[in-house]
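The structure appears right after this line, and notes come after that.
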């Protein structure tokens, strides 16, 4: 039993170290995007490293012994969906750059909101005073906060883009990730209260 506990503790430490590295890499990538003169391009360029971090976090969760069935299914779904969206966003950004569509006023307004997300420290990846006991808890906590940043970014671009594809993508991100935030919140509460996994599985999807 002690051996299992020591192994679980090491997995948690390794996962948290990976998560810190992945988030630092993401923040560096997101803060380093050039100003393109297009709010849509800036949104896509910033969301790509954000999505990549979600993929990396999900892969680390599976690597370091995540045990909750719902969370494992969610992690696999995140990897699949967000990889597809990364490809989609890269193509969309390339197309918009080729067209040379600019709106300096929209771009400036979006970048002010975008940059503020990094200035006020509102989007960390650890909950205040959090001490996750397992890889499951650490993943749920970190991914909930990560998803919230994506939702905030997507809601912001809806005010500053006239591009139909970008609007559709942003709406899809908000809808999908708010469902997953709600799902992870319920799972996390169950884990922290020591409820059996079947209790979380009895909830309707997305509740």
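The values are calculated or read from the model by the stated rules, or taken from the named source; none is laboratory data. Predicted model only: the values in this text are computed from it and were never measured. Don't worry about glycine lacking a Cβ; one is built from the backbone with ideal geometry, like all the others, and counts go over all protein chains shown.
Can we say residue 119 is surrounded by fewer than 18 Cβ atoms within 10 Å (Cβ to Cβ), at pLDDT 95 or above and either over 18 Å from the mean Cα position of the chain (by Cα) or within 17 Å of residue 26 (Cα to Cα) (or both)? Working first, answer last.
Values: surrounded by fewer than 18 Cβ atoms within 10 Å (Cβ to Cβ): yes; at pLDDT 95 or above: no; either over 18 Å from the mean Cα position of the chain (by Cα) or within 17 Å of residue 26 (Cα to Cα) (or both): yes.
It is false that residue 119 is surrounded by fewer than 18 Cβ atoms within 10 Å (Cβ to Cβ), at pLDDT 95 or above and either over 18 Å from the mean Cα position of the chain (by Cα) or within 17 Å of residue 26 (Cα to Cα) (or both).
Determine which member of the set 49, 34 is without any contact (Cβ under 8 Å) to a residue 12 or more places away in the chain and either buried (at least 16 other Cβ atoms within 10 Å of the Cβ) or part of a loop (DSSP other than H, G, I, E, B) (or both). First the steps, then the outcome.
On the way: 49 fails: without any contact (Cβ under 8 Å) to a residue 12 or more places away in the chain.
Testing whether each residue is without any contact (Cβ under 8 Å) to a residue 12 or more places away in the chain and either buried (at least 16 other Cβ atoms within 10 Å of the Cβ) or part of a loop (DSSP other than H, G, I, E, B) (or both) leaves just 34.
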**Item:** Subset of segment 14-30 (residues that are free of Cβ contacts under 8 Å to residues at least 40 places away in the same chain and either exposed (fewer than 13 other Cβ atoms within 10 Å of the Cβ) or under 17 Å from residue 58 (Cβ atoms) (or both))
**Value:** 17, 21, 22, 24, 25, 26, 28
**Complete:** Only unsatisfied item for residue 126, checking (1) part of a loop (DSSP other than H, G, I, E, B); (2) at pLDDT 95 or above, is (2)
**Prompt:** Given the structure, is residue 57 crowded, with 18+ Cβ neighbours inside 10 Å, touching a residue at least 40 places away in the same chain (Cβ under 8 Å) and under 20 Å from residue 22 (Cβ atoms)?
**Reply:** yes
**Message:** Would you confirm, using the coordinates I've provided, whether residue 59 is under 16 Å from the mean Cα position of the chain (by Cα) and farther than 19 Å from residue 181 by Cβ?
**Reply:** yes
**Message:** Going by what's in this entry, would residue 82 be described as under 14 Å from the mean Cα position of the chain (by Cα) and closer than 20 Å to residue 183 by Cβ?
**Reply:** yes
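Quick one: in segment 91-105, which of the residues that are within 19 Å of residue 49 (Cβ to Cβ) and touching a residue at least 60 places away in the same chain (Cβ under 8 Å) is surrounded by the fewest Cβ atoms within 10 Å (Cβ to Cβ)? Spell out the reasoning first.
Filtering segment 91-105 for residues within 19 Å of residue 49 (Cβ to Cβ) gives 91-94, 96-97.
Okay, now just the ones that are also touching a residue at least 60 places away in the same chain (Cβ under 8 Å), so 92, 96-97.
Working: 92: 19, 96: 21, 97: 14.
Selected residue: 97.
Got a sec? Which of 85, 80, 76 is closer than 19 Å to residue 163 by Cα and out of contact with any strand residue (DSSP E or B) (no Cβ under 6 Å at 6 or more places or on another chain)? Quick ask: steps written out before the conclusion?
Numbers: 80 fails: closer than 19 Å to residue 163 by Cα; 76 fails: closer than 19 Å to residue 163 by Cα.
Residue meeting the stated conditions: 85.
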**Fill in**
Every listed condition ((1) at pLDDT 95 or above; (2) closer than 22 Å to residue 152 by Cβ; (3) buried (at least 19 other Cβ atoms within 10 Å of the Cβ)) holds for residue 88 save (3)
